[in-house]
Structures are given as C-alpha cells and as structure tokens.
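K.L.:
Please read through the structure below; I'll follow up with questions.
The values are calculated or read from the model by the stated rules, or taken from the named source; none is laboratory data. Since this is a predicted model, take the numbers as computed values, not measurements. Using ideal geometry, Cβ is built from the backbone for each residue, glycine included, and neighbour counts are taken over all protein chains shown.
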Amino acid sequence: MKEVWVHLDRWDKEMATAALEAGAGAVVAPEGMAERIRTLGRLMVVSDDGDWVPGRDVHLVSVRGPEDEQNAARLLGLGFPVAVMHADWEILPLENLVARSGRLLVAVDSESRLETALGILEKGVSGVILRAPDPATLKRWAHRVHAAIPSEDLVDAEIVSVRPVGLGDRVCLDTSLMMQDGQGALVGNSACFLFHVQAETRQNPYVAPRPFRINAGAVHAYVKVPEGRTRYLCELKAGDRVLVVDPSGNATEAVVGRSKIERRPLVLVEAVHGNRSGSILLQNAETICLTAADGGALSVTQLQIGQHLRAALSAEARHFGMPVSETIMER
C-alpha cells in the first residue's frame, strides 16, 4: 500500500483528527504541535520536536530544477526517505526520481496532481503528502490512495486430482476486514501457481459465517501479501497484512488480527493451466471454498476432476518472498 502523510502548516484539530481517521501514517507539522497531535491518537509526527526529525530521519526537499533533482537522487541513493514538499510540476515530471529505488514521497495539493503522482512510470511514488483544503477532501484523497492497489491477473485452471492426504497443520487467517462473497486470498504450494481461496462468508448448515476469516491452507503454503511479495502462511501474525482479492482480481489489503494453526484432515487439490501445474493443501471441510470460473464458490468436499478454478500464475520464482528470475523447481 502506498503511504499517506498529511501536511499541516498550523494547528487544526479537525484536520489532525481527519488525518488519523483517514489512516495517515504521519503528519508533517511545524515545531510545537507534536504533543497536541499525539493526544488524538497514535500518529507519527514529522517535525523538529516529533518522532522523525527533518534532516536526520527524513529529508524534506524542494525540487525546482536539475540541481535539486540531483540532490534528491543522491539522498535516495544513500537510503534516506525523501519527501518532495515543493516541485515545479511543469518542468519536473518526477520520472527520474521514481525510476530510482528508494522511499520517495511527494506533496500534492490537487486531485490532478494526486493522480499524476500515483501514476508516474505506471508505478507511482512510494507515497503522497496531502495538502488538502478541508477534512472531507483529505479523507477522499486518502481513500483514493489506499484504493490504488494493482489488480491481480487470474486465469481458469482445470482440476486434475483431488485426494485426501491425512492430517496436517493448517492456518486460519482471521482479519480485521469483513469480506464480501467471493473475496479471499491467493494461496498455493508454489508461489508461481496460487489458488483463490475464499473467505467464510456464506451460510452453511454446519457453522455461522465468519466473513473475517480465510481458512487458507497448510502451514508451508505461500500466500500473496502486498507489494508483490509472498510469505509462508505460518509466518503471519497479528498486525501483518495480506492481499485480499475478488474473483475478478480486484485487490485490497486486510490486517491480520489472529493466525490460528490447528491440526486437521487435509485434501490435496492439483490443477493445470496450459503447460503449468500447481497444487494446494486445504482442510477437508465443507466450509472451505475455492473459486469457480464464474466467480462462485466450490466447496472442497464437492470438487471434481474437470472443474475449473480461478488461480494466479507468475513466471518468477521466489527468494525470501520476492520474485526472482532464477532456476527454482517446486513440486
């Protein structure tokens, strides 16, 4: 998720409260405001008396010409977070800075500049610092940033095998999000072939819906998390984030509130798409559903050879959760 900071040039309780309610990660403020901001809630303050001190923890710069751009690039190269507070948007499209690796934020004071910042080089800046005129606009702009999560490309894979394999440890991800029908996580035995596992949103005769929960799979499985990474299911804990995807590939994020690992009977599902194959171990229970080609739910207990499932395929293998181009075989 891209970062959202808020800039305050004077004390304004309504704007500071709106920043907190909009999920801002930090407030850039003049010296002397840090304590008043903190009384509203836990929120990082960037100021001379704040949590991050400009010039030490983060560099607030202006970019109005080539020399300024070179200075910002130098700071990014040294590993510092860089916040561009003032820019000549006519002569500086920011592409050169976005093309560099590093944590780059840019201040925006209009919706058009917000869209520009989010779309530069098709990946955008790391975050934005909102200079909004009022609390309502601040919240609307922040929502736009939070919604700027790339969608996932899903394909239809054909089931070629379904068989019980005995007991194993599986992970339920209980999140802070009340998911809708069809939403779920991307999970699989291979990071290159992830199945769409739905949340427990539907009524069934055995247990009440738990729309915050994804009974995701065995402890060793990969699960897609934000920023294009994967993690092992067993690693996730309270406060971590997981990518939540609907059958069309639209993505959002959910915060993990609890990870439940319990020993349960498992079933192995294997599927193919073209010359690619993948598999997943899931709890053998009625309430666990994969996603059919039409977006509906297919219970694990009702799966049949020849049915089609939604899955996400990737050409890259993974090293510590990051995509890499090297020879790795997973079977």
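K.L.:
Do you know which residues across the stretch 153-173 are under 16 Å from the mean Cα position of the chain (by Cα) and surrounded by fewer than 21 Cβ atoms within 10 Å (Cβ to Cβ)?
P.N.:
At the first step, the residues of the stretch 153-173 found to be under 16 Å from the mean Cα position of the chain (by Cα) are 153, 173.
Hit for the stretch 153-173 is Asp153, nothing else.
Yes or no, residue by residue, for (1) in the same structural domain as Pro133 (by TED's automatic domain parsing); (2) in contact (Cβ under 8 Å) with a residue 40 or more places away in the chain; (3) farther than 26 Å from Thr137 by Cα; (4) surrounded by fewer than 19 Cβ atoms within 10 Å (Cβ to Cβ):
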{"site": "Thr17", "(1), (2), (3), (4)": "yes, yes, no, yes"}
{"site": "Gly23", "(1), (2), (3), (4)": "yes, yes, no, yes"}
{"site": "Glu35", "(1), (2), (3), (4)": "yes, no, no, yes"}
{"site": "Glu69", "(1), (2), (3), (4)": "yes, no, yes, no"}
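K.L.:
Show the residue pairs that are 6+ apart or on different chains and have beta-carbon atoms under 8 Å apart, the first residue being within the stretch 300-325 and modelled with pLDDT of 60 or more, the second being exposed (fewer than 11 other Cβ atoms within 10 Å of the Cβ) and not hydroxyl-bearing (Ser, Thr, Tyr).
P.N.:
Between residues of the stretch 300-325 that are modelled with pLDDT of 60 or more and residues that are exposed (fewer than 11 other Cβ atoms within 10 Å of the Cβ) and not hydroxyl-bearing (Ser, Thr, Tyr), the close pairs are Ala312/Asp153; Leu313/Asp153.
K.L.:
Test of understanding: among Asp57, Asp68, Asp49, which residue is of a type in the set (D, E, K, R) and over 30 Å from Ala99 (Cβ atoms)?
P.N.:
On the way: Asp57 fails: over 30 Å from Ala99 (Cβ atoms); Asp68 fails: over 30 Å from Ala99 (Cβ atoms).
It is Asp49.
K.L.:
Is it the case, given these coordinates, that Leu138 is crowded, with 19+ Cβ neighbours inside 10 Å and more than 19 Å from the chain's Cα centre (by Cα)? Outline the logic, then answer.
P.N.:
Details: crowded, with 19+ Cβ neighbours inside 10 Å: yes; more than 19 Å from the chain's Cα centre (by Cα): yes.
Criteria met by Leu138.
K.L.:
Please identify the pairs in which a residue from the stretch 121-141 that is in the same structural domain as Ala24 (by TED's automatic domain parsing) has its Cβ atom under 6 Å from the Cβ atom of a residue that is of a type in the set (D, E, K, R) and modelled with pLDDT of 95 or more, counting only partners at least 6 apart or on another chain.
P.N.:
Pairs that qualify, where the first residue is in the same structural domain as Ala24 (by TED's automatic domain parsing) and the partner is of a type in the set (D, E, K, R) and modelled with pLDDT of 95 or more, are Pro135/Glu14.
K.L.:
Could you list, in sequence order, all residues of the stretch 197-225 that are surrounded by fewer than 18 Cβ atoms within 10 Å (Cβ to Cβ) and either assigned to a loop (DSSP other than H, G, I, E, B) or under 18 Å from the mean Cα position of the chain (by Cα) (or both)? Explain how you work it out, then say what you get.
P.N.:
Taking the stretch 197-225 and keeping what is surrounded by fewer than 18 Cβ atoms within 10 Å (Cβ to Cβ), we get 202-211, 219-220.
Scanning the stretch 197-225 gives Arg202, Gln203, Asn204, Pro205, Tyr206, Val207, Ala208, Pro209, Pro211, Val219, His220.
K.L.:
Which one is surrounded by the fewest Cβ atoms within 10 Å (Cβ to Cβ), of the residues in the stretch 264-283 that are closer than 19 Å to Val223 by Cα and of a type in the set (S, T, N, Q)?
P.N.:
Ser277
K.L.:
Quickly run through the stretch 233-262 and pick out the residues that are in a loop (DSSP other than H, G, I, E, B) and of a type in the set (Asp, Glu).
P.N.:
Looking only at the stretch 233-262, we keep the residues that are in a loop (DSSP other than H, G, I, E, B), and these are 236-240, 246-250.
If the condition is that a residue be in a loop (DSSP other than H, G, I, E, B) and of a type in the set (Asp, Glu), then Asp240, Asp246 are the ones that fit.
K.L.:
Let me ask you something else. Quick one: which helices (runs of 4 or more DSSP H) sit completely within the stretch 5-109 and have at least 2 residues that are of a type in the set (Asp, Glu)?
P.N.:
On the way: elements: 13-21, 34-38, 66-77, 95-98.
Correct list: 13-21, 66-77.
K.L.:
So which residues in the stretch 136-172 are closer than 15 Å to Glu115 by Cβ and assigned to a helix (DSSP H, G or I), if there are any at all? Give the steps one after another, and end with the answer.
P.N.:
Going through the stretch 136-172, the residues closer than 15 Å to Glu115 by Cβ turn out to be 137, 140-148.
Those that are closer than 15 Å to Glu115 by Cβ and assigned to a helix (DSSP H, G or I): Thr137, Arg140, Trp141, Ala142, His143, Arg144, Val145, His146.
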